Amino acid sequence: MKEQMVTITVNGRQVEAEQGGNLLNLLRSLDLDIPTLCHDDRLTPYGGCRLCVVERKDGRGGMIPACSTPVQRGMAIETQTEAVIESRRRNLQMLMLNHRMECPVCERSGDCRFQELIYLYGTPEEQLPFELIRRPIDDSSPFILRDPEKCILCGTCVRLCDEIQGVGEIGMVHRGLEATVTTLLERPLDCEFCGQCVNACPVGALIVRPYISGIPAWIREHRKSICSWCSCGCELDAEIYGGKIVRVSSDPTSEPNAGTLCVKGWLGWDLLESPERLRQPLIRKEGRLRECSWSEAIEAVAAAMIRGRDQAKPAAAVASSRLTNEDALLLGRLITEGLGSDWLGLGPDGGLRALKEGVAPVLGSARSTITLSELRDVDYVLVLRADPGRTHPLLKRELIRRHRQRKLPFAMAAAFTGGLERHARPFLGILPGSEDILLAWLSRELAERGLLDEGLEGYRSWVDSLKVWTTEKTAERTGVTAERLEELLQHMLKAEKLGIVVLTGHALPGDEAGTTEAAASLVAALGRKAGLLVLGEKTNLQGCLDSGLTARAPEEILEALAASKIGCLYLLGEDPVGSWPRSMGGSEALEKADFVVVQDAFLTQSARAADVVLPVAILIERNGTGTSPDGALRRYQRLVDPPAGVLQDGEIIRTLAQCLDLKLPDDDDLFEEMGGVKDEGLPHLRPFSTKPRSSGGEGYFLDASPQLFHSGGTTVHSARLRELSPDIVVRMAPEDARAAGLENGDTVRIVGEGREMLLRARLDRCVKPGSLVVPWRTRENGASRFITREGEVVRVRMRRS
Amino acid sequence: MEGGESMLEENYEIFYGAQEKSTRDEVDPEAWRIVDEYVAEHPGGQEQLIPLLHRVQGKIGYLPFPIQEYVAEKLGMSPVEVYSVVSFYHFFTTTPRGRYQLKVCMGTACFVNNAQTICDILGDLVGLEVGGVTDDRLFSLEQVRCIGACGLAPAMMVNDEVHGHLTPKELRKLIRKLKSGARRQEEGGPE
Ligand code: SF4
Ligand code: SF4
Ligand code: SF4
Ligand code: FES
Ligand code: FES
């Protein structure tokens with residue numbers, strides 16, 4: 001920091017401080033207790049409640065709010081004078097007058113900053129004549145109750161929703177005594193349900209309906225863990241009582257998410273108690289799956305594995321990248337050492353292909369070179385392939401926060417949108433799947449300006465291969481105007497440090513390996529100036545990759561199955577029949593296996609076809625470690641126990657190993673083995689090529705990629721998430737609806753590829769005009785019916801029904 | 001096809017039932033154009049909010065919610081942010097006023113010059129009580145404080161235009177003129 005240090009006086013003591021720094025932070029760093037109600041470190045200073053007043057004694061005297069006062073040379077501050085205390089007490093009294101004080105029955109009692117301060121400061125003797133202004137509770141939302149009679153108008157919720165969440169669903173309207181926090185026209189909340197507002201409200205004015213428990217705050221146990229819904233890895237703060245989750249929030253000091261969560265991490269946990277969960281092993285007898293004991297199930301599996309080994313038909317395991325590092329390593333040992341097989345792989349995951357086939361060949365190792373937190377401090381970020389608000393909510397919040405609070409811009413290039421495009425500078429609404437061309441063009445422009453490292457291996461032929469991507473041709477193939485391209489380029493040229501982010505997720509159009517390779521090449525050629533972040537779909541992709549679970553591609557395994565080369569197929573959290581693209585032929589291949597074992601929490605379509613089904617612990621029911629995209633280890637802590645009779649992956653694998661007489665090391669020793677990053681070869685560029693993609697034809701682009709409330713297989717088991725995203729809704733841009741004469745709620749028929757679906761229209765200004773957002777999975781098989789290959793671009797028509 | 005209407009109904013109502021249909025309402029088509037024009041002429045996003053709202057209200061008399069949402073979209077703000085500004089300032093209103101807002105000055109100078117009578121006559125002419133809007137939304141009538149034209153008392157404003165030294169005869173002429181102007185405009189001619 002170039003800021004100058006100055007001396008000020010605090011309570012009579014000389015203190016060194018940064019000129020222009022925040023006074024509140026300075027006082028707090030001196031261990032002085034300064035009460036605040038409207039201040040939030042994550043937001044721009046507000047200065048609304050005046051609880052943080054301190055007295056200034058150096059001439060320009062008076063009461064000043066510490067939270068919104070910059071430090072100035074020569075200041076003299078007193079924090080505990082009679083006047084300060086009295087002023088705080090008066091401000092509290094003012095707030096109390098218009099607050100429905102009912103601590104004994106309030107949901108936040110014991111966890112309420114207002115209550116705590118009143119307790120500390122007391123109230124003035126004299127009673128002011130004032131009658132509480134009555135306002136009804138807003139109970140129109142299924143998840144958030146808003147109780148304006150308890151609101152102290154601190155504005156934290158409004159500012160969070162705007163500055164960090166970027167939604168702006170609620171606002172402070174009217175003024176004076178009429179002032180209140182509400183939505184436009186007092187409509188029911190129709191927002192992202194991230195919970196930021198609720199978790200930061202200092203009082204009980206915002207209440208989470210599903211977490212109303214009647215269990216006092218002071219007898220709940222607090223435990224921290226990592227949210228395992230997606231690969232962002234937000235830290236959770238769960239309150240537990242009686243072995244159950246009573247409430248979930250996040251601590252404002254948590255990393256990398258600074259106390260923010262998305263709807264899944266906040267509310268999605270009801271899926272743990274879903275009645276559809278498997279609680280007992282199942283075994284096929286006389287053609288039907290029946291419940292059985294663990295020992296019977298394990299013996300049957302071990303027997304099948306040994307039988308295969310003896311008949312020279314090896315066992316194959318396909319795992320989901322949600323496994324913890326320990327469980328992934330154990331699985332590797334079981335298959336290779338216990339069964340002498342090398343048929344080991346992860347399910348189809350765009351992130352895996354991006355890292356293995358896109359990053360590794362260029363940068364030498366299959367990992368990102370920058371972290372989510374480090375993105376905060378680069379000058380410019382280019383996000384490719386998707387709206388992170390839909391696929392990686394934490395990244396979205398980081399981008400909004402950079403942009404809103406520090407004016408640090410980012411660009412987003414994606415075919416489909418989710419609302420973030422409004423903040424992007426610029427937003428490039430490219431034709432589906434043409435991100436690689438955009439990158440090739442950028443690389444060519446930067447190379448021509450001599451900004452790239454020409455000494456890299458393969459540089460010449462790489463640059464030659466880019467020559468064809470002139471601005472004109474790029475504009476034509478990406479559908480982005482030359483002016484927009486230029487705008488992007490100018491931002492890139494200005495930035496001293498750049499971040500390039502490639503997002504992956506199911507049903508995103510285009511080739512993730514090719515796009516990622518193009519991004520990695522550009523990052524390599526930019527040298528220290530740039531970092532690459534590849535975000536996969538599931539929580540521990542990096543760890544599973546580092547644990548060596550990627551010997552075989554899923555296609556290869558299915559092929560071997562179809563050729564009857566595999567004896568026992570062991571599926572951990574993967575569902576080839578139900579959730580892999582149809583063209584892979586999962587269900588046909590499964591039929592060819594001698595014995596199929598499915599280890600899952602739910603009875604998936606593959607499980608229905610299995611010989612043995614083993615119920616397993618998921619998400620926050622597990623202990624272990626994971627690896628974040630940059631290689632850092634993080635600890636998953638079990639927050640609640642899995643249902644009785646349900647084991648964690650590792651426990652099951654260990655039991656199987658015992659049956660095979662295989663000795664497995666303890667978790668701690670396993671850990672040593674992980675070895676971390678291998679190789680680190682020198683960057684190496686390969687000529688650029690792009691696969692032609694047919695996006696011709698007519699009709700709307702079908703957008704079946706993840707939605708915030710609905711990201712494929714797992715979310716459908718959370719009743720809360722299902723309620724937020726009825727699976728019968730097609731979202732469309734208001735202008736498209738207008739052109740088609742449609743209103744909210746009209747029934748429409750979506751037709752394409754000889755198939756059709758009946759859905760209800762929902763106008764959504766976050767949807768990109770020209771595309772229709774259809775849920776990937778519905779009670780039937782949803783948008784996946786229109787899609788046969790990963791990355792395919794599909795067009796459909798819409799008719800009023 | 002699958003599911004059937006009834007499932008579509010039920011499932012949709014669970015969450016969206018309470019939400020109203022999207023509206024572009026019966027908003028004066030003029031309003032959308034004003035916004036488009038203004039935004040095209042004045043780049044710069046959010047700083048343009050207040051002048052733009054003034055312009056719209058000046059022309060159509062009030063700020064309908066669909067227009068507030070449209071303004072938000074155009075300036076890259078959230079609708080409720082726009083509404084919080086609208087609700088903060090007393091001079092913005094969200095209830096309709098006439099295309100011609102008749103604002104009779106009730107300041108001291110006008111008051112002693114028979115402003116009340118002027119107001120009554122005007123009310124009779126357009127068939128309105130103070131605070132009302134005609135069914136065709138052509139006129140609305142309100143009383144305001146001194147408009148700074150005391151030398152012309154009794155005075156009034158029609159939208160932004162000041163009319164002074166009012167007499168019953170002038171008022172009749174004025175209203176006739178406004179009515180026929182509106183008629184001509186409807187037929188496509190100039191105002
Ligand atoms: S919000 Fe706080 S002060 Fe108000 S009733 Fe609840 S616990 Fe008491
Ligand atoms: S839940 Fe999130 S999006 Fe909804 S109002 Fe609160 S902060 Fe805004
Ligand atoms: S609802 Fe809570 S966070 Fe929002 S302004 Fe009121 S007291 Fe503050
Ligand atoms: S905390 Fe400083 S004014 Fe509220
Ligand atoms: S009193 Fe009417 S213009 Fe001043």
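The values are calculated or read from the model by the stated rules, or taken from the named source; none is laboratory data. Here the structure is a predicted model, which is why all the values come from computation and not from measurement. Positions of Cβ are backbone-derived with ideal geometry, glycine not excepted, and every protein chain shown enters the neighbour counts. Accessible surface is based on the protein model in full, side chains and every heavy atom, while ligands, DNA and RNA are left aside. Shrake-Rupley method; radii C 1.70, N 1.55, O 1.52, S 1.80 Å.
Below, the figures for the structure above:
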| read-out | value |
| --- | --- |
| Some residue of the stretch A:99-106 being more than 24 Å from A:Pro216 (Cα to Cα) and basic (Lys, Arg) | no |
| Flag if A:Pro726 is outside the structural domain of A:Glu574 (by TED's automatic domain parsing), surrounded by fewer than 16 Cβ atoms within 10 Å (Cβ to Cβ), assigned to a loop (DSSP other than H, G, I, E, B) and not hydrophobic (A, V, I, L, M, F, W, C) | no |
| Every residue from the stretch A:80-107 that is more than 16 Å from ligand 4 (Cβ to nearest atom), open to solvent by 50 Å² or more (accessible area, probe 1.4 Å) and closer than 15 Å to A:Ile34 by Cβ | A:Gln80 |
| Residue check for B:Gly151: more than 20 Å from the chain's Cα centre (by Cα), open to solvent by 20 Å² or more (accessible area, probe 1.4 Å) and within 14 Å of chain A (Cβ to nearest Cβ) | no |
| Single condition A:Gly176 does not satisfy, out of (1) open to solvent by less than 30 Å² (accessible area, probe 1.4 Å); (2) within 14 Å of chain B (Cβ to nearest Cβ) | (1) |
| Flag for A:Val203 being open to solvent by less than 10 Å² (accessible area, probe 1.4 Å), more than 10 Å from ligand 3 (Cβ to nearest atom) and farther than 29 Å from A:Ser711 by Cα | no |
| Selected residue [charged (D, E, K, R), at pLDDT 95 or above and surrounded by 13 or more Cβ atoms within 10 Å (Cβ to Cβ)] from A:Asp147, A:Asp162, A:Asp139 | A:Asp147 |
| Wholly within the stretch A:391-474, helices (runs of 4 or more DSSP H) carrying at least 2 residues that are over 30 Å from A:Pro252 (Cβ atoms) and touching a residue at least 60 places away in the same chain (Cβ under 8 Å) | A:435-448, A:459-466 |
| Residue in the stretch A:327-342 that is within 17 Å of the chain's Cα centre (by Cα) and open to solvent by less than 10 Å² (accessible area, probe 1.4 Å) present | no |
| Residue list for the stretch B:44-67, filter: open to solvent by less than 10 Å² (accessible area, probe 1.4 Å) and without any contact (Cβ under 8 Å) to a residue 24 or more places away in the chain | B:Leu52 |
| Restricting the stretch A:29-47 to residues that are over 32 Å from the mean Cα position of the chain (by Cα) and away from ligand 1 (no atom under 16 Å from the Cβ), the residue that is least open to solvent (accessible area, probe 1.4 Å) | A:Ile34 |
| Any hit, the stretch B:159-172, residues being open to solvent by 80 Å² or more (accessible area, probe 1.4 Å) and on the phi > 0 side of the Ramachandran plot | yes |
| A:Arg738 outside the structural domain of A:Arg477 (by TED's automatic domain parsing), touching a Cys at 6+ places or on another chain (Cβ under 9 Å) and open to solvent by 30 Å² or more (accessible area, probe 1.4 Å) | no |
| Helices (runs of 4 or more DSSP H) contained in the stretch A:270-354 and holding at least 1 residues free of Cβ contacts under 8 Å to residues at least 40 places away in the same chain | A:294-310 |
| The stretch B:79-95 - residue that is facing another protein chain (nearest Cβ under 7 Å) and in contact with a helix residue (DSSP H, G or I) (Cβ under 6 Å, 6 or more places away or on another chain) and, of those, farthest from A:Gln165 (Cα to Cα) | B:Tyr83 |
| Single residue of A:Arg401, A:Arg444, A:Arg390, A:Arg406 found to be closer than 30 Å to A:Gly713 by Cβ and more than 14 Å from chain B (Cβ to nearest Cβ) | A:Arg390 |
| Inter-residue pairs, beta-carbon under 8 Å, first farther than 28 Å from A:Ser321 by Cβ and in the stretch A:707-736, second in a strand (DSSP E or B) and of a type in the set (D, E, K, R), 6+ apart | A:Pro726/A:Arg760; A:Ile728/A:Arg760; A:Val729/A:Arg760; A:Val729/A:Arg762; A:Val730/A:Arg760; A:Val730/A:Arg762; A:Arg731/A:Arg762; A:Met732/A:Arg762 |
| Hits in the stretch A:532-573 - residues which are of a type in the set (Val, Ile, Thr) and open to solvent by 10 Å² or more (accessible area, probe 1.4 Å) | A:Thr539, A:Thr550 |
| Residue match in the stretch A:215-234 (condition: surrounded by fewer than 22 Cβ atoms within 10 Å (Cβ to Cβ), more than 16 Å from ligand 2 (Cβ to nearest atom) and within 14 Å of chain B (Cβ to nearest Cβ)) | no |
| Filter pass, A:Ala366 being closer than 28 Å to A:Ser579 by Cα, in the same structural domain as A:Glu512 (by TED's automatic domain parsing) and crowded, with 24+ Cβ neighbours inside 10 Å | no |
| Hits in the stretch A:742-780 - residues which are more than 10 Å from chain B (Cβ to nearest Cβ), modelled with pLDDT under 85 and closer than 15 Å to A:Asp727 by Cα | A:Pro775, A:Trp776, A:Arg777 |
| Residue check, A:Pro252 within 16 Å of ligand 4 (Cβ to nearest atom), under 30 Å from A:Val534 (Cβ atoms), more than 14 Å from chain B (Cβ to nearest Cβ) and touching a Lys or Arg at 6+ places or on another chain (Cβ under 7 Å) | yes |
| All positions within the stretch A:513-542 that are at pLDDT below 95, in a helix (DSSP H, G or I) and among the charged types (D, E, K, R) | A:Arg528, A:Lys529 |
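Listed here are the residues, each with its yes/no results for (1) part of a helix (DSSP H, G or I); (2) touching a strand residue (DSSP E or B) at 6+ places or on another chain (Cβ under 9 Å); (3) open to solvent by 10 Å² or more (accessible area, probe 1.4 Å).
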site	(1), (2), (3)
A:Pro615	no, yes, no
A:Gly626	no, yes, no
A:Pro629	no, yes, yes
A:Leu639	no, yes, no
A:Ala657	yes, no, no
A:Lys663	no, no, yes
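Quick grid of which residues meet (1) more than 10 Å from chain B (Cβ to nearest Cβ); (2) in a helix (DSSP H, G or I); (3) within 16 Å of ligand 5 (Cβ to nearest atom):
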position	(1), (2), (3)
A:Leu128	yes, no, no
A:Ile152	yes, no, no
A:Val158	no, yes, no
A:Asp162	no, yes, no
A:Gln165	yes, no, no
A:Leu185	no, yes, no
A:Asp190	no, no, no
A:Gly204	yes, no, no
